[in-house]
Amino acid sequence: MKLNSPLRRAATVLAGALIGLGGAAAVTAPASAHASNVSGAAVCDTATGTRIVTWTLTNDYPTDATVADLKTTPTEVEKSAEGNLVIPHAQGRSNGELTLTQQVTGDAKEAAISFRSIWSSDGYEDQDNSAKVDLSEPCAPAETPCVEAGQASFHHRFGVTEKGSTATVSLDDGVKLCEGEPVTLVSYFAPKPQFAVPQYKYDSETGSIDNEHRSVTLNVDVPDCNTQVDLFFGGEDDIIGEITEGGPRYGDKKLGSNGGPGGRSKGPQGWYNGGGKGCQTPAVEPLSQCDGTVQLNLSNTGEISRYAVDFTVKAGDFSQTVTVKPGKGETVTVPAGAGTVTVSAEGMDDVTYDWKAPEDCALPTVIVENDCDTVAITVENPEGVTPATAKITYGGKSETVTVAAGKSEKVTFDAGKATYATVEFPGLDVEPIKATLEKLDCDNGGGAGGGDSDEPGLPVTGPVAGSIAGGAALLLIAGAVLFITARRRRIRFTA
């Protein structure tokens, strides 16, 4: 049956309209599915007091979307420096996601983000993408519990040079002290370059490590001789002023020890022994004495003198060892004529010395006596000097005598025509003495008296004669005295 009625035509028109609407819907449906979204969440990092904001960008379309004009406040997000940010495409019922992280410190009250999404497959853009996260809740680092000083951990550096010693001690990261910890660097005089006692403090410095001063650097001078340097946990009251046999020690309080308090600090051994010479200043001052002895002034008084010095003195058969305490001196007298003196001591080159006559010593005296028959030369040597050797020459004849201190020696020659005598002293640095003799009239020996007549007179007797004879005797004695005085002279010369 063939229908050609108004109802059929209406049905045909309605069907065509439905088909057209269905085709239009099919064409526009993909464009309406392009959409991106963003959401954010913040958490507090209690270790640092930093808020971490995580932004999640989503894409519900089956092709990737590129992020453009990305802006975040108050800080930028962490992202790769290479390439553009891309939100992956959706897969099935799951949207693609891109995660960005933003770190916010300080007192910011909110974080914000905005961007555009662009799909390169058809050029579609989604421009309305923004979000905010509330940051008004406080975020502070969690309070770190403190530890007692004896439980804290440290690390250190330590070194010694000729100019001094330096040490740096630091509290390990993340450690909070309940109270400060003192640390000390100290140097000592030492008797040897290896550990030995006694030791005497030379220099020290103390510092304290706490939460505000987590590191200290200490410096001390070291002596210019054998030394010990120690770095230990402790303060000024813990310094040992003198390290003695059987006395207190720093022990395992030294930093870098295998255990104990010092084992809490990691680093090199915090102690040192060394040096190139002893901590003494031996010195010798030799002085020649007029009596031929040598006086040795031994001293140990230098700036670094902290230990006794043993001096050994030798001269021929003479030998003596003397111990001189620090800051003191001693005197040794070497006998006259002992020979070359040698003095030895640790830390000092050997000192050799030979006696030399001092310039201010008293010199011998020469006395010359002569008459018409003899010439007498006397050499007197004063007290407190060495024996003097004298060579005496007169008229071509010589004699040599040795005169002890405080003594005299006399040499007599027959009088001749020579008018002087020469006296030399070979052992003394003096010019020879030329002693001139007193001039005498030895040709007139004194004649006998006589009268006017050639004939002898008669002898005189009686009292008058007795008086005359007595007067003549007195005159004879007086004449003899004058004669002797006139004929013998005494002259003194000093060398």
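Structure summary
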item: Cross-link partners of Lys192 among lysines (Cα-Cα below 22 Å; sequence separation of 8 or more within a chain); result: Lys163, Lys201, Lys254, Lys277, Lys325, Lys328
item: Candidate aspartates and glutamates - alpha carbon under 19 Å from Lys79, same-chain residues fewer than 8 apart omitted; result: Asp64, Asp69, Glu97
item: Chymotrypsin sites (Phe, Trp or Tyr not before Pro) within the stretch 103-157: DSSP coil, no more than 10 neighbouring Cβ in 10 Å; result: none
item: At R0 = 25 Å, FRET efficiency that the Cβ-Cβ distance of Gln295 and Ser408 yields, to 0.05; result: 0.35
item: Computed lengthening from Lys201 to Gln91, 0.36 nm per intervening residue step minus Cα-Cα distance; result: 31.5 nm
item: The stretch 180-196-the stretch 80-158 distance, computed between alpha-carbon centres (Å); result: 54 Å
item: In sequence order, calculated HN-Hα J values of the stretch 153-163 (Karplus, 6.51, -1.76, 1.60; Hz; x Gly/Pro); result: 10, 9, 9, 8, 10, 8, x, 9, 10, 5, 7
item: Distance in nm between pseudo-label sites at Glu346 and Ile52 (7 Å out along the Cβ direction from Cα); result: 6.7 nm
item: Rel. contact order, % - alpha carbon contacts under 8 angstrom, at least six apart, the stretch 175-231; result: 44 percent
item: Loop-located chymotrypsin sites (Phe, Trp or Tyr not before Pro) in the stretch 178-235, at most 12 other Cβ atoms within 10 Å (DSSP); result: Phe195
item: Förster radius 51 Å - calculated FRET efficiency between Thr75 and Glu236 (Cβ-Cβ, nearest 0.05); result: 0.55
item: Virtual spin-label span in nm between Asp317 and Asp354, 7 Å along Cα→Cβ; result: 2.2 nm
item: Whole-angstrom gap from the stretch 290-334 to the stretch 387-404, using each part's C-alpha centre; result: 39 Å
item: Pairwise Cα inverse-distance average, inverted: Kirkwood Rh of the stretch 275-411 (Å); result: 17.8 Å
item: Spacing of the two label points (7 Å from each Cα toward its C-beta) at Asn444 and Thr105, in nm; result: 13.3 nm
item: Partners for Lys356 among aspartates and glutamates (Cα-Cα distance below 15 Å; same-chain residues under 8 apart left out); result: Glu285, Asp291, Asp429
item: Low-density loop cleavage sites - GluC sites (Glu not before Pro) in the stretch 103-159, where at most 13 other Cβ are within 10 Å (DSSP); result: Glu143, Glu148
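Throughout, read-outs are computed from the coordinates displayed, never taken from laboratory work. Note that the structure is predicted; figures quoted are calculated from it, not measured. Every residue, glycine among them, receives a Cβ derived from its backbone with ideal geometry; neighbour counts consider all protein chains shown.
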